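Participant: I am attaching a structure below and will ask some questions about it afterwards.
The values are calculated or read from the model by the stated rules, or taken from the named source; none is laboratory data. Keep in mind that what you see is a predicted model, and the values were worked out from it rather than measured. Cβ atoms come from the backbone with ideal geometry, glycine included; neighbour counts cover every protein chain shown.
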Amino acid sequence: MNERKTNRIGIAVVEHQRQFLIGVRDASSTLAGYHEFPGGKCEPGEASDICAARECREETGLDVQPLKELLYIEHAYEHADVLLHFWLCAPIQPAPDRDAQNLQGFCWIPASELSGLKFPEANAPLIDLLIDTYVGS
Ligand SMILES: Nc1nc2c([nH]c(=O)n2[C@@H]2O[C@H](COP(=O)(O)OP(=O)(O)OP(=O)(O)O)[C@@H](O)[C@H]2O)c(=O)[nH]1
């Protein structure tokens with residue numbers, strides 16, 4: 001039998017003034033070239049919200065406060081089985097200054113532009129939710 005372990009993933013959906021912190025997966029990673037929210041595997045015993053904030057700090061340099069879990073989604077990719085915990089997060093003060101900030105390759109993207117980006121398949125329900133919540137209301 002070929003049982004695969006499911007990786008728990010904490011993901012930071014960082015919102016500020018209807019914009020989201022988005023990066024592009026690098027060439028050496030799985031799903032290279034896809035857009036992504038900051039995130040990664042939970043360490044053993046680590047809660048997914050703590051993981052999301054830690055990964056966000058490591059990947060973007062930005063400290064964030066997890067506010068609420070928006071969705072969790074189980075998905076089987078070819079490379080792994082994952083349980084994705086998407087956490088809505090807010091930047092911790094000082095408030096981000098779009099131009100001055102070095103976000104290590106991540107950028108602030110308006111909610112209205114999310115539909116034009118290519119995210120991993122499992123993100124689809126999250127993107128729909130963000131568009132419903134933050135575009136045009
Ligand atoms: N960061 C991130 N990962 C996502 C998103 N959507 C999604 O399906 N994933 C999946 O969640 C997993 C995240 O793992 P990762 O490989 O980026 O995490 P990591 O940096 O801790 O692992 P590593 O050991 O491979 O470096 C990957 O399978 C990735 O495809 C997303 O929006 N952001």
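Participant: If you take the residues in region 111-126 that are among the aliphatic types (A, V, I, L, M) and in a helix (DSSP H, G or I), which one is nearest to the ligand (Cβ to nearest atom)?
Facilitator: Step by step, filter region 111-126, then rank; the result is A122.
Participant: Let me ask something else about it. Just wondering, is there one or more residues in region 6-18 that are surrounded by fewer than 18 Cβ atoms within 10 Å (Cβ to Cβ), within 8 Å of the ligand (Cβ to nearest atom) and within 17 Å of L84 (Cα to Cα)?
Facilitator: Yes, that holds for at least one residue.
Participant: Counting only residues that are over 14 Å from I9 (Cα atoms), part of a strand (DSSP E or B) and either within 10 Å of the ligand (Cβ to nearest atom) or charged (D, E, K, R) (or both), how many does region 47-73 have?
Facilitator: 1
Participant: Which condition number in (1) near the ligand (Cβ under 8 Å from one of its atoms); (2) at pLDDT 95 or above; (3) over 15 Å from the mean Cα position of the chain (by Cα) is the one that A76 fails?
Facilitator: A76 satisfies every listed condition except (1).
Participant: Are any residues in region 15-36 assigned to a loop (DSSP other than H, G, I, E, B), touching a residue at least 60 places away in the same chain (Cβ under 8 Å) and not charged (D, E, K, R), and if so, which ones?
Facilitator: The answer is L31, G33, Y34.
Participant: Quick check on my filter: what residues within region 30-39 are surrounded by fewer than 18 Cβ atoms within 10 Å (Cβ to Cβ) and either near the ligand (Cβ under 6 Å from one of its atoms) or of a type in the set (D, E, K, R) (or both)? Talk me through it step by step, then tell me what you get.
Facilitator: Step one: of region 30-39, the residues surrounded by fewer than 18 Cβ atoms within 10 Å (Cβ to Cβ) are 30-34.
The answer is T30, L31.
Participant: Could I ask something else about it? Given (1) among the aromatic types (F, W, Y); (2) assigned to a loop (DSSP other than H, G, I, E, B); (3) more than 30 Å from E3 (Cβ to Cβ), where does W108 come up short, assuming only one miss?
Facilitator: (2)
Participant: Something else: Which numbered condition trips up T133, out of (1) surrounded by fewer than 17 Cβ atoms within 10 Å (Cβ to Cβ); (2) in contact (Cβ under 8 Å) with a residue 60 or more places away in the chain?
Facilitator: (2)
Participant: To continue, here is another question. Given the criteria within 24 Å of E46 (Cβ to Cβ) and either modelled with pLDDT of 95 or more or in contact with a Gly (Cβ under 9 Å, 6 or more places away or on another chain) (or both), does N123 qualify?
Facilitator: Yes; evaluated as a whole, the condition is true for this residue.
Participant: Select from region 57-87 the residues that are more than 19 Å from I22 (Cα to Cα) and among the charged types (D, E, K, R) and write down the one among them that is surrounded by the most Cβ atoms within 10 Å (Cβ to Cβ).
Facilitator: So the residue we want is D81.
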